[in-house]
1. Can you find a residue that is open to solvent by 60 Å² or more (accessible area, probe 1.4 Å) and either in a loop (DSSP other than H, G, I, E, B) or in contact with a strand residue (DSSP E or B) (Cβ under 9 Å, 6 or more places away or on another chain) (or both) anywhere in segment 94-103?
2. Just one of D19, D51, D61, D34 is closer than 23 Å to Q171 by Cα, open to solvent by 80 Å² or more (accessible area, probe 1.4 Å) and either touching a Ser or Thr at 6+ places or on another chain (Cβ under 7 Å) or among the hydroxyl-bearing types (S, T, Y) (or both); which is it?
3. Out of all the residues in segment 258-279, which are in contact (Cβ under 8 Å) with a residue 12 or more places away in the chain, assigned to a helix (DSSP H, G or I) and either polar (S, T, N, Q) or under 21 Å from R233 (Cβ atoms) (or both)?
4. Quick one: would you say V129 is at pLDDT 95 or above, part of a helix (DSSP H, G or I), more than 16 Å from the chain's Cα centre (by Cα) and farther than 28 Å from Q171 by Cβ?
5. Of the residues T122, T160, T126, which is surrounded by fewer than 17 Cβ atoms within 10 Å (Cβ to Cβ) and closer than 19 Å to M76 by Cα?
6. Please count how many residues of segment 76-93 are closer than 19 Å to D125 by Cβ and either touching a Cys at 6+ places or on another chain (Cβ under 6 Å) or open to solvent by 50 Å² or more (accessible area, probe 1.4 Å) (or both).
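The values are calculated or read from the model by the stated rules, or taken from the named source; none is laboratory data. Predicted, not measured: the structure shown is a model, and the values here were computed from it. We place every Cβ from the backbone using ideal geometry, glycine too, and count neighbours over all the protein chains shown. Heavy atoms of the whole protein, side chains included, go into the accessibility calculation; ligands, DNA and RNA do not. Shrake-Rupley method; radii C 1.70, N 1.55, O 1.52, S 1.80 Å.
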Amino acid sequence: MKDLAELTGEQVANIGSQDMNDQVWLKLGNRINDVLAANDVDGVVVMHGTDTMEETAFFLDLVVKSEKPVVMVGSMRPATAVSADGPGNLYNAVAVAASPGARGRGVLVELNDEVHAARNVTKTDTTNVDTFKSLNRGAVGVVHTGKIDWFERMDKRNTTRSEFSIHGVTQLPRVDIIYAHANMSPDLISSAVHNGAKGLVVAGVGDGNMTKEALAALTEANKAGVVSVRSTRLAAGLVLRNNEVDDDKMGFVASGEFTAPKARVLLQLALTKTHDVKQIQRMFNEY
């Protein structure tokens, strides 16, 4: 790696990614912004567990204020495993961060010789090294032993074009994800509201749908000032506005391409700026 870049390292947190939380996100985002503001830093590589990597990557994609590359990397096998993937992934991640072609692409995720946009990528397999995929749009590049081929750039807002900032932010609004299923009970929604949720994302069936009782509870939550987003429990596809559910009438936000975890991240940041559903829908369309 020293042949690819001049490296320095620091530890921002040492937790399993299943324990990732808002405070670490804020600390990490602010630290990356500070580091990238230095003239002698050309990019950042963040080593992260794979369980919540897609959420951290998207959060950083929305709050990092630099066009310099930020690359997330992890491994699916421990260092003690036969054919551990960590060393190769890290080498390739450094190569991506050092590549001029990575500049201005937003936060990237590199594993298993593929490069993905933070906005699009999701973990698709519990143990396979070929787990991270961008199911709707595909990878933005491939990398093999440090050699990179780039594909099309994203057409959505991120980093320097993002309206979101965590400067001076000490706490993010609570947003809960509710998983829809057959015979879904509305009390999951009312319980989340009762316990302080400022926003809700429903991982709906199909095109963001749910039971009539759940829809009624979500409408009541909206009347109480809680912003609700319809997403899907499916891995791919778009949740279309006013398709099956009358979002205009009920005051919901349609998630579009965003999976429920990504919709949650975007809604958390959106709520730091506004509670206006029309404005939040605009954000979901533009990012």
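1. Our first condition is that a residue be open to solvent by 60 Å² or more (accessible area, probe 1.4 Å); within segment 94-103, this holds for 100, 103.
Adding the requirement that they be either in a loop (DSSP other than H, G, I, E, B) or in contact with a strand residue (DSSP E or B) (Cβ under 9 Å, 6 or more places away or on another chain) (or both) leaves 103.
Yes: one or more hits.
2. Details: D19 fails: either touching a Ser or Thr at 6+ places or on another chain (Cβ under 7 Å) or among the hydroxyl-bearing types (S, T, Y) (or both); D61 fails: open to solvent by 80 Å² or more (accessible area, probe 1.4 Å); D34 fails: either touching a Ser or Thr at 6+ places or on another chain (Cβ under 7 Å) or among the hydroxyl-bearing types (S, T, Y) (or both).
Exactly one of D19, D51, D61, D34 is closer than 23 Å to Q171 by Cα, open to solvent by 80 Å² or more (accessible area, probe 1.4 Å) and either touching a Ser or Thr at 6+ places or on another chain (Cβ under 7 Å) or among the hydroxyl-bearing types (S, T, Y) (or both), namely D51.
3. First, the residues of segment 258-279 that are in contact (Cβ under 8 Å) with a residue 12 or more places away in the chain: 258-273, 275, 277.
Now narrow it down to the ones that are assigned to a helix (DSSP H, G or I): 260-270, 277.
Hits for segment 258-279 are A260, P261, K262, A263, R264, V265, L266, L267, Q268.
4. Values: at pLDDT 95 or above: yes; part of a helix (DSSP H, G or I): no; more than 16 Å from the chain's Cα centre (by Cα): yes; farther than 28 Å from Q171 by Cβ: yes.
No; evaluated as a whole, the condition is false for this residue.
5. Details: T122 fails: surrounded by fewer than 17 Cβ atoms within 10 Å (Cβ to Cβ); T160 fails: closer than 19 Å to M76 by Cα.
Result of the check over T122, T160, T126: T126.
6. Qualifying residue count for the region: 4.
For (1) touching a strand residue (DSSP E or B) at 6+ places or on another chain (Cβ under 9 Å); (2) within 15 Å of V115 (Cα to Cα), each residue gets a yes or a no:
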{"residue": "N30", "(1), (2)": "no, no"}
{"residue": "T50", "(1), (2)": "yes, yes"}
{"residue": "E55", "(1), (2)": "no, no"}
{"residue": "F58", "(1), (2)": "yes, yes"}
{"residue": "D61", "(1), (2)": "yes, yes"}
{"residue": "K68", "(1), (2)": "yes, no"}
